[in-house]
Amino acid sequence: MLPKEPGPIGVFDSGYGGLTILSEIQKALPEYDYIYLGDNARAPYGMRSFEMVYEFTLQAVTRLFEMGCHLVILACNTASAKALRSIQMNDLPDMDSSRRVLGVIRPTVESLGTVTRSRRVGIMATTGTIDSESYPLEICKLYPDIRVWGEACPMWVPLVENNEYNGPGADYFIQKHVNGLLGKNEGIDTIVLACTHYPLLLPKIRHYTPDGVRIVMQGELVAMSLKDYLQRHPEMERRCTKGGTCYFYTTETESKFSRLAAVFLHKPIEVSHLVLE
Ligand code: DGL
């Protein structure tokens, strides 16, 4: 039986990247309580199959529900691309149809309508997100006139996770993929950073991106969309507790998580270990 009383908002990511989304959510909605869960022991998800990402994400969502969350944000593009739809359609009705799971792709895509003038957009993401075609499909649903090109950047997450995102090695891989994407169509005027780790690479991405090409980041968009969602759904808003707390959980060791989490959050945090199965 899942707890019925109001609880925190759950934020799930394969690892650390969702912390960039969590920070923006907390900035926009500081009054709520949050639980952040990173499946660091099994990250990255970017190269994993649909089946594995779905299975792992469902385990995490179930655990967050058991911990009292009524609303869970999948703050991970790969999980949003590969697991969200199945969980919403097939699992939620059996688990508790009043609970909700939201992802990061829809709010990102919604913003594009007013951002691109040339109606040509580039997506930079993990191999899993690019292969899933979730972005082009979602963009086509909302804005059929926008054309989309994707560039998988498999080295970018490891650069961040190994704290090499400021180093000279990062320049090589960032220039390679920015040029790779923009070389696919010269009319691209908007690049979407469709992976939660990429905001840490922003200064270098900007450096290699010509002026006039806009770079869209997700954190603020997801936060604004969540704010809007809570205003439009008072029945869910009432089920989210307000105490301004945030508890962190990881499937990795606590010491490893808190060391790298400080890079993302610019402050030390306390974290607890849990096992997902
Ligand atoms: N959080 C993932 C995403 O946004 C990146 C890390 C991973 O591959 O697990 O796609």
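The values are calculated or read from the model by the stated rules, or taken from the named source; none is laboratory data. Keep in mind the model is a prediction, meaning the values are calculated, not measured. Positions of Cβ are backbone-derived with ideal geometry, glycine not excepted, and every protein chain shown enters the neighbour counts.
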For region 42-62 the number of residues that are away from the ligand (no atom under 12 Å from the Cβ) and surrounded by fewer than 21 Cβ atoms within 10 Å (Cβ to Cβ) is 8
Only one of (1) surrounded by 16 or more Cβ atoms within 10 Å (Cβ to Cβ); (2) closer than 26 Å to LEU265 by Cβ does not apply to LYS27, and that is (1)
request  = Please tell me if MET1 is more than 12 Å from the chain's Cα centre (by Cα), surrounded by fewer than 19 Cβ atoms within 10 Å (Cβ to Cβ) and either assigned to a strand (DSSP E or B) or within 15 Å of the ligand (Cβ to nearest atom) (or both).
outcome  = no
Among residues of region 129-157 being free of Cβ contacts under 8 Å to residues at least 12 places away in the same chain and part of a helix (DSSP H, G or I), the residue nearest to the ligand (Cβ to nearest atom) is LEU137
Scanning region 128-147 for residues that are under 12 Å from THR108 (Cβ atoms) and β-branched (Val, Ile, Thr), the one modelled with the lowest pLDDT turns out to be THR129
Conditions (1) under 19 Å from ASN179 (Cβ atoms); (2) among the polar types (S, T, N, Q); (3) without any contact (Cβ under 8 Å) to a residue 24 or more places away in the chain -> THR114 fails only (1)
How many residues of region 211-233 are within 23 Å of HIS70 (Cβ to Cβ) and among the charged types (D, E, K, R)? The answer is 3
Of the listed residues (TYR36, TYR16), the one being more than 10 Å from the ligand (Cβ to nearest atom), in contact with a strand residue (DSSP E or B) (Cβ under 8 Å, 6 or more places away or on another chain) and within 19 Å of VAL222 (Cα to Cα) is TYR36
Scanning region 186-204 residue by residue, the ones that are within 16 Å of the ligand (Cβ to nearest atom) and small (Gly, Ala, Ser) total 1
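Residue under question is GLY187, and the condition is that it be assigned to a loop (DSSP other than H, G, I, E, B) and not hydroxyl-bearing (Ser, Thr, Tyr); does it hold?
yes
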Being over 15 Å from the mean Cα position of the chain (by Cα), within 16 Å of the ligand (Cβ to nearest atom) and among the polar types (S, T, N, Q): is that true of ASN90 here? no
Note: among SER86, SER80, just one is crowded, with 22+ Cβ neighbours inside 10 Å, at pLDDT 95 or above, out of contact with any His (no Cβ under 7 Å at 6 or more places or on another chain) and not acidic (Asp, Glu), namely SER80
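Where in region 202-277 are there helices (runs of 4 or more DSSP H), lying fully within it, with 1 or more residues that are surrounded by 13 or more Cβ atoms within 10 Å (Cβ to Cβ) and in contact with a Ser or Thr (Cβ under 7 Å, 6 or more places away or on another chain)?
219-232, 254-265
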Review point. Within region 94-112, is there a residue that is within 10 Å of the ligand (Cβ to nearest atom) and among the hydroxyl-bearing types (Ser, Thr, Tyr)?
Key: no
